[in-house]
């Protein structure tokens, strides 16, 4: 019984790790996968192998993947809506039209080999832009969506064309911000580095 | 208070226990599951985990490589010396200290080697 459960969950985790669109999630799934497989080794009376598997695959490989992800090109997107105290998952549910827009932006990033990272928050636009860590800020104000992007970034132009073609019913408006000097770049991520060169 | 304070506090709390567990697995490796390689990997995981929390390059890689080479030389020389001396082979009390010493050497070599590997990748390799 224990065996069958572990085998089924191993298969599920493996498929999830391959099919997941966000790389960070794939890394987590692989970590759980290795932990389960090390438990299976323990179940088969091979504690030595179990320790090695738990340490190497679940610990070191996960850390190595996370280190590699740090160097990957991350595109940070922030979705703010000040009208609500809390932002629930309702805004990013795939069924709604706005969810479809976020989904489209995600696909846009994946097609350009960027790792999308979407943050939803009820904070005000000032608070978000003061933190200055986002490449794209989407703000919902009543029925209107405003998208703030860096004017220098050619990706924003492409995105604007795409969204105006497909989502003209959503009241999308693009606002270009100039060269923001208060940007804090903690890591060498690609999108901001590309504009400089 | 930085945004990473939860992760760094938890990792800081875990450090002594992880070190203790790694050393336990190395030292007890000869008569319980574990051994030099597994314990060394646990120690290396601790060093690399520290990099995830606080990515500063303060590891003296050159010196670490030197230490690793010295340990490797010891791993080659000590068993060779034991094989060559017949008297040492016949002393029974020497066996356990010998196993523990070799496990310790291998453990430290693996820990230093894996740490160097990841730090080199993180700081010096261009993507």
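The values are calculated or read from the model by the stated rules, or taken from the named source; none is laboratory data. This one's a predicted model, so the numbers in the text were calculated from it and none came from an experiment. Please note: Cβ atoms are built from the backbone with ideal geometry, for glycine as well, and neighbour counts cover all protein chains shown.
Results, tabulated for the structure shown:
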quantity: Meets criteria (surrounded by 15 or more Cβ atoms within 10 Å (Cβ to Cβ) and over 30 Å from residue A:45 (Cβ atoms)) for residue B:64; calculated: yes
quantity: Yes/no for residue B:25 being facing chain A (nearest Cβ under 9 Å) and at pLDDT 90 or above; calculated: yes
quantity: Criterion violated by residue A:68 - all others in (1) within 17 Å of residue B:52 (Cβ to Cβ); (2) crowded, with 17+ Cβ neighbours inside 10 Å satisfied; calculated: (2)
quantity: All positions within the range B:30-45 that are at pLDDT below 90 and more than 9 Å from chain A (Cβ to nearest Cβ); calculated: B:30, B:31, B:36
quantity: Meets criteria (in a helix (DSSP H, G or I) and at pLDDT 75 or above) for residue A:169; calculated: no
quantity: Flag if residue B:105 is over 19 Å from residue B:15 (Cα atoms), surrounded by fewer than 16 Cβ atoms within 10 Å (Cβ to Cβ) and touching a helix residue (DSSP H, G or I) at 6+ places or on another chain (Cβ under 7 Å); calculated: no
quantity: Exclusive hit being away from chain A (no Cβ under 14 Å) and under 11 Å from residue B:112 (Cα atoms), set B:61, B:75; calculated: B:61
quantity: Residue B:50 vs. criteria surrounded by 12 or more Cβ atoms within 10 Å (Cβ to Cβ) and part of a helix (DSSP H, G or I); calculated: yes
quantity: Residues that are closer than 19 Å to residue A:42 by Cβ and surrounded by fewer than 13 Cβ atoms within 10 Å (Cβ to Cβ), drawn from the range A:8-25; calculated: A:8
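This table checks each residue for (1) more than 14 Å from the chain's Cα centre (by Cα); (2) buried (at least 22 other Cβ atoms within 10 Å of the Cβ); (3) part of a helix (DSSP H, G or I).
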residue: B:7; (1), (2), (3): yes, no, yes
residue: B:12; (1), (2), (3): yes, no, yes
residue: B:16; (1), (2), (3): yes, no, yes
residue: B:19; (1), (2), (3): no, no, yes
residue: B:22; (1), (2), (3): no, yes, yes
residue: B:29; (1), (2), (3): no, yes, no
residue: B:32; (1), (2), (3): yes, no, no
residue: B:41; (1), (2), (3): no, yes, yes
